[in-house]
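First up is the structure itself, then whatever we jot down about it.
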Amino acid sequence: EDQVTQSPEALRLQEGESSSLNCSYTVSGLRGLFWYRQDPGKGPEFLFTLYSAGEEKEKERLKATLTKKESFLHITAPKPEDSATYLCAVQASGGSYIPTFGRGTSLIVHP
Amino acid sequence: ETGVTQTPRHLVMGMTNKKSLKCEQHLGHNAMYWYKQSAKKPLELMFVYSLEERVENNSVPSRFSPECPNSSHLFLHLHTLQPEDSALYLCASSQDPGGELFFGEGSRLTVL
């Protein structure tokens, strides 16, 4: 059974304090790993897709990386507007194309 | 309008009511989804419609009934719900099945 575990469950940072969120996964074969951002009371917003180990993608203060067992979402010099819940989802190769979501990491950045 | 639009944004209903949630996507995508989001739980896929094929999560109770009349519209019909069905119901679409998901704002459902 595919499994996706995100850590930490919650993270509080001061503005400018860089950190990383983790998404570890267990799948028979990885087709794609997705990161989403979700603001309170809204639907998730797509951020990145990673397909193979070693791949990296960046968007503003966010950088996503991928290994064979986990993905990191690095946040450099975060601002209060980066506060949100970050969701990771994994899509396995073969079988169902439906991605499995993790529980998310709730990030709060204090000014 | 752009993106994925869901109505209503908020719904309060009794256990004997019948209501429907509506979703419309303006992205020209080929797949549409219903997800349930409850506090402290991962997003739970309920139904997928893709190229006229329906995939469903077998654990979803029959009191939830989806309808997809065309590739741009998706409904979730609700009947005889239970208080534990209170949650945020999210509609999403993707260009291809299993691709990047574009979500609506969600419909917050409260069952009394």
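Structure notes:
- Sequence-distant residues sharing a close amide H with A:G32 (under 5 Å, placed H): A:Q91
- Applying the Karplus relation 6.51 cos²θ - 1.76 cosθ + 1.60 with θ = phi - 60° to the range B:105-110 yields 3J(HN,Hα) values of 6, x, 10, 7, 9, 10 Hz, where x marks Gly and Pro.
- Inter-part distance, the range A:56-97 to the range B:39-112, computed on C-alpha centroids, equals 24 Å.
- 19 Å reach of a label modelled at A:I108, 7 Å along Cα-to-Cβ, counting backbone N of the range A:37-60: A:38-42
- Working from Cα pairs under 8 Å separated by at least six residues, relative contact order for the range A:49-111 is 24 percent.
- Backbone HN-Hα couplings from phi across the range B:22-28 [Karplus 6.51/-1.76/1.60, Hz, Gly and Pro as x]: 10, 9, 9, 10, 10, 9, x
- Point-to-point label distance, B:D96-B:M15, nm (Cα→Cβ direction, 7 Å offset): 4.6
- For the protein assembly as shown, the tally of Lys pairs with Cα-Cα distances below 18 Å comes to 10, considering only residues 8 or more apart or on different chains.
- Shape analysis of the range A:34-111 places it in the oblate category; the axes a ≥ b ≥ c from the Cα gyration tensor give an a/c of at least 1.5, with a/b not above b/c.
Read the figures in this text as sums done on the coordinates, not as results from a lab. Since we're looking at a predicted model, the values are computed, not measured. Neighbour counts run over all protein chains shown; Cβ positions are idealised from the backbone, glycine included.
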